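Here the structure comes first, spelled out in structure tokens, and everything after it is commentary.
We did not get these values from a lab; they are worked out from the coordinates using the rules stated. The shown structure was predicted, so the numbers you read here are calculated from the model rather than taken from an experiment. Note that we place each Cβ from the backbone using ideal geometry, even for glycine, and neighbour counts take in every protein chain shown.
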Amino acid sequence: MSALLLMLALAAAPAAGAVGCPPPVMEAPRYPAKQLRGGVAGTTTVLARIDECGRVVEAKVSEGSGQAALDDAALETVRGWVLSPAQREKVGGPWVKMPVRFAGTRTVVPQAPKWPVTHRRPMYLLDEQGIGFDTIAAFQAADVVKSEPVLTSPYASTFDGSGTRISTPFMADATDPRTFWLAYQMQPAPTRGADGEPRPSRTETAGIARYRLVMEDGKPVVRVGLLCERAADECDRLREFLLKGLPIAKPPR
């Protein structure tokens, strides 16, 4: 299984940005190591000012979490955010309050996906509809997947040659039981801060795949849509890999 995932270990160089306004960015906050180990949770509300492109150009704590380290991490995170056009339209002005949540740690037992019996041996075909979102940030903001239960990924996590951790969270659609989502995530090796404490690196979601289970001409088909924000050749390799089928539902030989 790890050998298969290594085929997905894409190059570390980021894809070229668009001309003009930058693409939307809403990375998850870096959880301070001490607070994470201690299970310290909290929510910091950040008051941010955005420019015409949705970039956060000013940020300050509006409501603190009671933990200075969490507040600092929230500010650091929000200062790097870029809102999508749809998010800017909802805001309706230059100032917006953004809650940044740190949930602490909890024991989670992943569950196997409720994959329909009808699609245990399906054909995998490219979905010309894509996934219905222009950017990964827009997909994340739309909240279209179930947060509970946490599903077992079809693939094991692995590491590429640079120490980057490759993981593929698998998620059920919030409304359609015959639609599933897979995120392709990359997390560089952690670094150490000036205090010697390990500083977890940010996890980048480089791709989102949608698995849409349908019947075509009386045969089970999984239509695979992909939104990939990497270089074109890297996205081509990822697409080719996904169309080989999931280990939990292999295509017919």
*Ordered by residue, what ³J(HN,Hα) values in Hz, to whole numbers, does segment 114-128 give under the Karplus form 6.51 cos²θ - 1.76 cosθ + 1.60, where θ = phi - 60° and Gly and Pro are x?*
7, 7, x, 4, 4, 10, 6, 10, x, 7, 10, 10, 5, 8, 5
*What number, in percent, do you get for the relative contact order of the chain if the mean sequence gap of Cα pairs under 8 Å and at least 6 apart is divided by its residue count?*
22 percent
*asked:* My understanding is that a pair violates if its Cα-Cα distance is over 32 Å; which of Lys146/Lys250; Lys34/Lys90; Lys146/Lys244; Lys90/Lys219; Lys34/Lys114; Lys34/Lys146 do that in this structure?
replied: Lys34/Lys90; Lys90/Lys219; Lys34/Lys114
*Quick one: divide the alpha-carbon radius of gyration of the chain by 2.2 N^0.38 Å and tell me what you get.*
1.09
*Partners for Lys60 among lysines (Cα-Cα distance below 17 Å; same-chain residues under 8 apart left out)*: Lys97
*Kindly write out, for segment 219-228 in residue order, the coupling ³J(HN,Hα) from the Karplus curve 6.51 cos²θ - 1.76 cosθ + 1.60 (θ = phi - 60°), rounded to whole Hz, with x marking Gly and Pro.*
10, x, 9, 10, 8, 9, x, 9, 10, 10
*asked:* Can you compute 3J(HN,Hα) from phi for each residue in segment 156-169, using the Karplus curve 6.51 cos²θ - 1.76 cosθ + 1.60 with θ = phi - 60°, rounded to whole Hz and x for Gly and Pro?
replied: 7, 5, 8, 10, 8, x, 8, x, 6, 7, 9, 9, 9, x
*If we sort 146-152, 241-247 on the protection proxy, mean other Cβ atoms within 10 Å, highest first, what's the order?*
241-247, 146-152
